[in-house]
Amino acid sequence: MRVLIVDDHPVTRNGLRAALAEAAGLEIVGEAASGDEAVAEARRLGPDLVLMDAQMPGMNGLEAARTIRGERPDTRVVLLAVEESEAGVAEAMQAGVSGYLVKDVSPSELLEALRQTVAGRTVVHPSLTRALIEQVQLPGSRPPTAALSAREAEILQKIAYGASTKQVARALGISPHTVKTHLERIFEKLGANDRAQAVAIAFRLGLVR
């Protein structure tokens, strides 16, 4: 997982580099201090993932993310925000950003979020999930095709509050592979493409609390 770090504050970039330095299977390939630099470095380095500050002077993180995603659709972008913002998370998701986290996230939570993102999942900080549900439209979603089983509902409830696949597996005493199988069935039944969309649909239908 080749990561480009983007933040206009050197101290924050150093902190992110330190937090990710010891992670297995992760390589920090570069840094940038602005949205313009992020776009240029993404073109030059071709990272798998860009971890970027959402609020920067000049070209902000969201604008840079749109450009990067437009030029390199396979590159994932995760935005880090200083504070929770309903408008911010909604706009980011609609722009194709793969993750939206607040900066007080712990190093372990950050690493797990990056791994989930590279695996093709959308990651939103739990405190921002409600904003995503209320603000983001779900084009192409369709009505559920079947009722969820008790186990599927239990797993969806935990996912809705930010639990990872491994955390769900540990809590329920089942394997991560079994959790993934249940999630695939949940997505199919809800007409969802990923976790974020499944959670949004579930909340709207009153399937989770």
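Only residues that are under 13 Å from Met56 (Cα atoms), part of a loop (DSSP other than H, G, I, E, B) and not hydroxyl-bearing (Ser, Thr, Tyr) were counted in segment 1-38, giving 4.
Across segment 149-164, the number of residues qualifying as buried (at least 17 other Cβ atoms within 10 Å of the Cβ) and of a type in the set (Asp, Glu) comes to 1.
Name the single residue that is surrounded by the most Cβ atoms within 10 Å (Cβ to Cβ) among those in segment 165-209 being of a type in the set (Val, Ile, Thr) and under 19 Å from Gly99 (Cβ atoms). Spell out the reasoning first.
Keep residues of segment 165-209 that are of a type in the set (Val, Ile, Thr), which gives 165, 168, 174, 178-179, 181, 186, 199, 201, 208.
Then keep just the ones that are under 19 Å from Gly99 (Cβ atoms); that gives 165, 168, 199.
Working: Thr165: 23, Val168: 22, Val199: 27.
The selected residue is Val199.
Entry remark, segment 39-62: residues being touching an Asp or Glu at 6+ places or on another chain (Cβ under 7 Å) and part of a loop (DSSP other than H, G, I, E, B) number 4 in total.
Among the residues of segment 10-39, the ones that are without any contact (Cβ under 8 Å) to a residue 24 or more places away in the chain and not basic (Lys, Arg) come to 8 in all. Leu79 meets the conditions (1) more than 13 Å from the chain's Cα centre (by Cα); (2) crowded, with 19+ Cβ neighbours inside 10 Å in every case but one. The failed one is (1).
With respect to the stated conditions, Val78 fails to be among the β-branched types (Val, Ile, Thr) and more than 21 Å from Leu110 (Cα to Cα). Within segment 174-194, the residues that satisfy the criterion of being in a helix (DSSP H, G or I), touching a residue at least 24 places away in the same chain (Cβ under 8 Å) and out of contact with any helix residue (DSSP H, G or I) (no Cβ under 6 Å at 6 or more places or on another chain) are Leu183, Arg185, Glu188, Lys189.
Screening Ala18 against (1) in contact with a strand residue (DSSP E or B) (Cβ under 9 Å, 6 or more places away or on another chain); (2) surrounded by fewer than 16 Cβ atoms within 10 Å (Cβ to Cβ); (3) not charged (D, E, K, R) leaves a single unmet condition, (1).
Is it true that some residue in segment 43-53 is surrounded by 13 or more Cβ atoms within 10 Å (Cβ to Cβ), within 19 Å of Thr117 (Cα to Cα) and among the charged types (D, E, K, R)? Within segment 43-53, one or more residues are surrounded by 13 or more Cβ atoms within 10 Å (Cβ to Cβ), within 19 Å of Thr117 (Cα to Cα) and among the charged types (D, E, K, R).
Any chance you could count how many residues in segment 115-143 are surrounded by 15 or more Cβ atoms within 10 Å (Cβ to Cβ), in a loop (DSSP other than H, G, I, E, B) and at pLDDT below 55? Residues meeting the conditions: 3.
The values are calculated or read from the model by the stated rules, or taken from the named source; none is laboratory data. Bear in mind the structure is a predicted one, so any value in this text is a computation, not a measurement. Glycine also receives a Cβ, built like all others from the backbone with ideal geometry; neighbour counts cover every protein chain displayed.
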